[in-house]
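Heads up, the thing below is written out as C-alpha cells.
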Amino acid sequence: MARRGLPLIALCTLLSFAYIHVSLEKHWLAEQPRLSSALTLLLSGFFCFVLSFFTRLIPGAEDRIVHDTHQAEDSIGLLSPSSPVEARFKDTRPPLPERPDQLSLPIIVVLIVVRLEALHAVNLQRQCATTGIEPFLPFVLYVFDIFTTRRRWVGPDPLDPDDPWRNIFDEIREWFTGPRVSMSLTGVAIFFISLSTSMASGYKTPSGYACLHPIDSRTNVVFLQFLGLALDATICVCLWRLLMWSRSAKQRIRSSGLVLVCSGLAMAIVSLVAAFWASNQETFDFGSWSLIDTVVDGFAFAVFAASGVWWMCETSAPVPATIITMCLGVWSSGYLTLYYGDWIRYSLSGAYFPLWFITFASILYIRYQAGIGKFLMMVLIGTTFIATFRASIRGRDAFPRHPLSDLIYKANIESDRYRARVATSKSLHVALSTYEELHPGRAAPPNFAEWYSQAQGTFVIDDFAQIDADLAPFWNMSPDTLRKGANILTSVPGVHTITIKDGQVTHSDAGDEGQNRDLLDLVQLIERFSVHLPDMVLPVNLGSAPRILPSWGTAHSKSTAEHISSGHIRYRENVEAKDYRRMQWAACPEDSAARRNVAWKNEELCEDCVKEHSKGPIIYDRDKAFETCSQPDLGYLHEFYMTNPKLAPIQEMLPLFSFAKTESFKDILIPLPRVMQDEEPDTTWGFGRRFDSLFYQADLGKELKSSQILRGSSKYRLLELLAGNHVSGDVATVVVGEPLADFRYERVKISEANKVGHLKVGLRGGDECEGDYCKLAKQLYGTDDEDAEPLEYRYIVVLDESDGPSKQFMRTLRSKSVPFVSTIFRTWYTERLQPWLHYVPIDPRFQSLHTTYLFFTGTEDRQTINGVDTNMQARTKDGEYIAQQGQKWADQVLQQKDMEVYLFRLLLEWGRLIDDNREVVGFRKTDEGKLDNIGFSQGAVS
C-alpha cells in the first residue's frame, strides 16, 4: 500500500486526540459514565463505517494491501527512499503477526469493557490517584515490540568478513551503527519521553477534595491505574494483530467500527446491569450529560480510532503512542516553563528537567525513527534554550514586602474611596443629582425627599449598588406581571407574605413561632416608613437559602409572563443535590465557565477558577470572588451544592425577598433584623489577652447523608487540612521570608505547616447524628466534649453553612477578634464591608490559609519551615487593627437604622417598578429648578 497519505493520517490522529483529551476534562463520561461510554462507542462505530466511504480521498488508500510485502521502517511516514535509516533496516523488517482467530474480536471487546470499568472506578476516587502513570504506555508497547520481534534487531553480516584489512575498530563501528544500538537508543528515548511527560503532567496543586483513608484507598486506585496501563497496551497490541490482516484501508476502518459497536453494546449491557444492581445505592456524577456532546465526542473518537489504527498498522504499535505522548509532553513541559516562577510553578527542577528531557529524547527518537535533518534538531534545541533563558530571567516571584501588607494598605485606600462615594450628599439637591448621575435617564423614586430625611444620621446615603443589581432584571417585566408574580408566590410553600395597604402593614401566619417573630420584626421595621409606600404584596423567604433560580434563558425571555398569566409556575418538590447543582449552572451565562466546563477534575486545583479574583493564592478582588459561575469547581467544594435543598428552588423570574444569595439566584436581598442583631455579646478580653491561635469548631449537626460531603464540603475539608492525618506528599504553598531577604513561595508539608501555627480545631455535637457517615466523621476528627468560646481566640474561621452564610459572622465582626471569612453568599451589607480592612477573606479552597494565618502569628521561636528558621515577624498589630476597624465599622453602618434606610430605599424602588405609570412617577428637578414629586398611582399615601 502507498504511504503518501500517512502524514495526513498522523495529523488526524493527533488533532482528534487533542480534542478528546480536552473534552474528557469537560463533559465526556461525566454523568452516568457507563451509559455515556456505550453511546459514544456506538456512535463512533457508526461514524467509522461512514468514514470508510471516504478513504479514497487519502492518497494510496485504495491500494490493495499485499501481506507478503513488508512495510518500510519509516515510523512517521517521512522517510525518503534513500534515507540511511531505511537502508539500515531494509533487511530487518518485522514479520506479520499470526493470523487472528475467531476469538480475537470478543477478547478485544472484553478488554475494552474492563478498561472502561477500571477508568470509571478511578474516576470515582480521582483525588486518590497518582498522576503520571499513563504516559508510560509507549515504553510498555516498545518493550513488548522488542520481545516479540527479535529478528528485527539482528545485525547484518559484514560485507566482506574475509577482508584482511578489517580490524577491531571496524567491528566496533559496525556494532555501534547496527540495529542493536539503534534499538537501545530508541528504547532510552521512549523511556525519557514517557518520564518527562509524567513529570510535567504530575506537577499539579491538589484541590483539597479529600481522599479519606477509611473509605478511599490510594493503593487500590494506583493498582487500577497500572491495570489500566496494562489493558491499554494489550488492547493496542490485539487491535494491531487483528487489523494487520485487513485487505484494504476501507476494510481496516470498518473492522475498527465493528470493534467499537460491539464494545458499545457490551457497555450498554453492563450499564443496565449496574443500574439494576445499584438502584438503591449512592451514585456520584461530575456534571450534566449532553446528547450533542456525546455525538461530537463519538465523531472525534471515530476519527481517532480510524486514523490511529491505520497509523499503527502502517508502522508499529509503539509509534503512534510515542508521538502522541511526545506532543503531550512537549506541551505540558513548555507550559511549565512558560509560567515558571508563579505561586504554583516555582520549582526550578520541576520547570527545567521535563523540558530538557523531552527535547533531547524527542530528538533522539525522531532521529532514529525518521532520520530528520540537522535543521529541525537545531530548532528544537534553540527553542529549549530560549524557553530556559526566559524562565531564568523571569525567576521566581519574590516580594520586598509581604503580599498581605500591600493588600491591607490598598484596602485602606479603597475604604477611603468608598466612604467618599457613599457619603457625598449633604443636601437633598446634591442627593438627587448624585442619584441621576448614577442612574442616567431615570428619575429618583417617588417620596425620595422623605427617604432622604429618614436617612439622616446614617453614613451610607448615595450608593446602593446592590439594590440596583437586584432590581435590574425586573425592569424588563411589566408592572402587571410583577404584581401577579408576587401574588402567585404567596401560595408557594416556604414563602411568607407581608402586605402593605393604605400605609398599614400586616403579615401572614408562618406557622412557626420563630418565623412569626422574624416577620413581626420586618413589619415593625417597615411601619416606620410605610405611609410613604404604595400598596404592595411582598413575598418573603425567611430561610437561609435563596429560592429564585431561573435558567439563563428563562431569565432573559418573556416566558415568565405567559406562565404567570396561566397561573402556573415551574416548581419542583424533592430536588436532589445533583439536580440542584445543574439548575444553578443552567442559571449562569451561556459563555461562563460553569456552562462550558461542567465536569471538573477534582484531584487538582482549578487554576482558571482562582486566577481572576486572586493575586497568587490570596484573594484580592472581592466582587469577582462572588462570581460562582466562573468557578465550577465549587460545585464539589461547597456544601451548598452538595446537599438537597430544604425548600425547592423556583425556576421562574419572580420577585422574592431573601436575606442571601449566590450569583445564580435572582432573589431580592433584604435585611433580617434577627440575623443582624440577635447575638451574644463579646467577651471582655482585649485582643492582646486572647489566645494567639486560629479557632474553628465545626458542628456535626443532626445528619450526614453523603460521603461526598465528607470529602468536599468546606468544614470537613478544613478539618482535614488542619487536623487530618497527612501523608508526606501533602503540601501547602506558604509565603515565607527570612531576615534581610525577600518573601517568596515555598512548598511546605501540611503537617509541618500546621505545627508552625497554634491551632484550635475540632468537631462538636454529634449526639443526635447517627449513621455510618456520622460515625466516620467522629472517627476521623473526634468530638469536643464541650463548646468552646470562639471569641477567646484572636483569629476565628467563619464558614458558610450548608444553605447560607454563617450565623456567627455578625457576632465575630462586632467582636475584638479577627474573622477569617470564607463565603460565596452576598447579603445586603456585602458591599459595605471592605476585605483586608474589616475582615480577612479566605478562598473556599483554603490554598492561602496557612500563608494568611502565619502572616499574623509569624514564625519567630516556632518550628522551622523546610528545615530553615525563617524568624518571620508576627503582624499582631495588623490583626488588632483589622479587628478594631471591623468592630467600629459594623457599629457605624450595620445598625437597625441602616437596615431601615436600606429597606425604605428598596421598597420605594420596588413600588415604582410595580406602578403602571413607572416611567412617569418619580422625584425630579423641573426646568425651573424646583423639586417635583409625582407620587405613586396605586394606593400610595404620599
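The values are calculated or read from the model by the stated rules, or taken from the named source; none is laboratory data. Model, not experiment: these values are computed from the prediction. A quick note on method: Cβ atoms are made from the backbone with ideal geometry, for glycine too, and the neighbour counts reach across all protein chains shown.
Return yes or no: is T458 crowded, with 16+ Cβ neighbours inside 10 Å, outside the structural domain of W889 (by TED's automatic domain parsing), more than 30 Å from G511 (Cβ to Cβ) and not hydrophobic (A, V, I, L, M, F, W, C)?
In short, yes.
So which residues in region 480-493 are polar (S, T, N, Q) and crowded, with 20+ Cβ neighbours inside 10 Å? Lay out the reasoning, then the answer.
Filtering region 480-493 for residues polar (S, T, N, Q) gives 481, 487, 490-491.
Selection gives T481 alone.
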Within region 764-797, how many residues are of a type outside the set (F, W, Y), closer than 12 Å to A698 by Cβ and under 27 Å from the mean Cα position of the chain (by Cα)? 3
Note on region 799-822: residues within 30 Å of I865 (Cα to Cα) and under 23 Å from the mean Cα position of the chain (by Cα) are L799, F820, V821, S822
If I go through region 578-601 residue by residue, how many of them are assigned to a helix (DSSP H, G or I), touching a Phe, Trp or Tyr at 6+ places or on another chain (Cβ under 8 Å) and buried (at least 20 other Cβ atoms within 10 Å of the Cβ)? 5
In region 214-254, which residue that is of a type in the set (A, V, I, L, M) and part of a loop (DSSP other than H, G, I, E, B) is nearest to I107 (Cα to Cα)? M244
Looking at S425 and the list (1) surrounded by 18 or more Cβ atoms within 10 Å (Cβ to Cβ); (2) in contact with a Ser or Thr (Cβ under 9 Å, 6 or more places away or on another chain), which single condition is not satisfied? (1)
Looking at region 402-504, what helices (runs of 4 or more DSSP H) fall wholly within it and have at least 1 residues that are over 30 Å from Y881 (Cβ atoms)? 428-438, 448-455, 465-471, 479-489
Of all residues in region 635-661, count the ones that are in contact with a helix residue (DSSP H, G or I) (Cβ under 8 Å, 6 or more places away or on another chain) and of a type in the set (G, A, S). 1
Cβ pairs under 8 Å, 6+ apart, first in region 797-813 and without any contact (Cβ under 8 Å) to a residue 24 or more places away in the chain, second part of a loop (DSSP other than H, G, I, E, B): S806/D800; S806/T823; F809/T823
Does any residue of region 467-479 turn out to be surrounded by fewer than 18 Cβ atoms within 10 Å (Cβ to Cβ), of a type outside the set (S, T, N, Q), at positive phi and more than 39 Å from the chain's Cα centre (by Cα)? no
If you go through Q938, Q887, Q863, the only one that is outside the structural domain of W685 (by TED's automatic domain parsing) and of a type outside the set (A, V, I, L, M, F, W, C) is Q938
Please tell me if A18 is crowded, with 19+ Cβ neighbours inside 10 Å and modelled with pLDDT of 60 or more. no
Can you go through K778, K807, K755 and tell me which one is modelled with pLDDT of 90 or more and of a type in the set (K, R)? K807
Here is a list: L519, L538. Which entry is part of a helix (DSSP H, G or I) and touching a strand residue (DSSP E or B) at 6+ places or on another chain (Cβ under 6 Å)? L519
Checking W331 against (1) assigned to a helix (DSSP H, G or I); (2) in contact (Cβ under 8 Å) with a residue 12 or more places away in the chain, which single condition isn't satisfied? (2)
With the requirement that a residue be closer than 15 Å to A306 by Cα and of a type in the set (F, W, Y), what does region 211-250 give you? W240
Please pick out the residue among T857, T870 that is hydroxyl-bearing (S, T, Y) and either at pLDDT 95 or above or under 33 Å from the mean Cα position of the chain (by Cα) (or both). T857
Would you check which residues across region 825-857 are part of a loop (DSSP other than H, G, I, E, B) and within 20 Å of A890 (Cα to Cα) and list them? F825, W828, Y829, L833, Q834, W836, L837, H838, I842
Identify, from the list L39, L24, L29, the residue that is under 30 Å from L272 (Cβ atoms), at pLDDT below 80 and surrounded by 18 or more Cβ atoms within 10 Å (Cβ to Cβ). L29
If you check L525, L549, L542, L519, which single one turns out to be over 17 Å from L656 (Cα atoms) and crowded, with 20+ Cβ neighbours inside 10 Å? L525
Would you mind listing the helices (runs of 4 or more DSSP H) fully within region 673-782 where at least 1 residues are in contact with a helix residue (DSSP H, G or I) (Cβ under 6 Å, 6 or more places away or on another chain), closer than 30 Å to R345 by Cα and not assigned by TED's automatic domain parsing to the domain that holds H213? 707-712, 714-723, 750-756
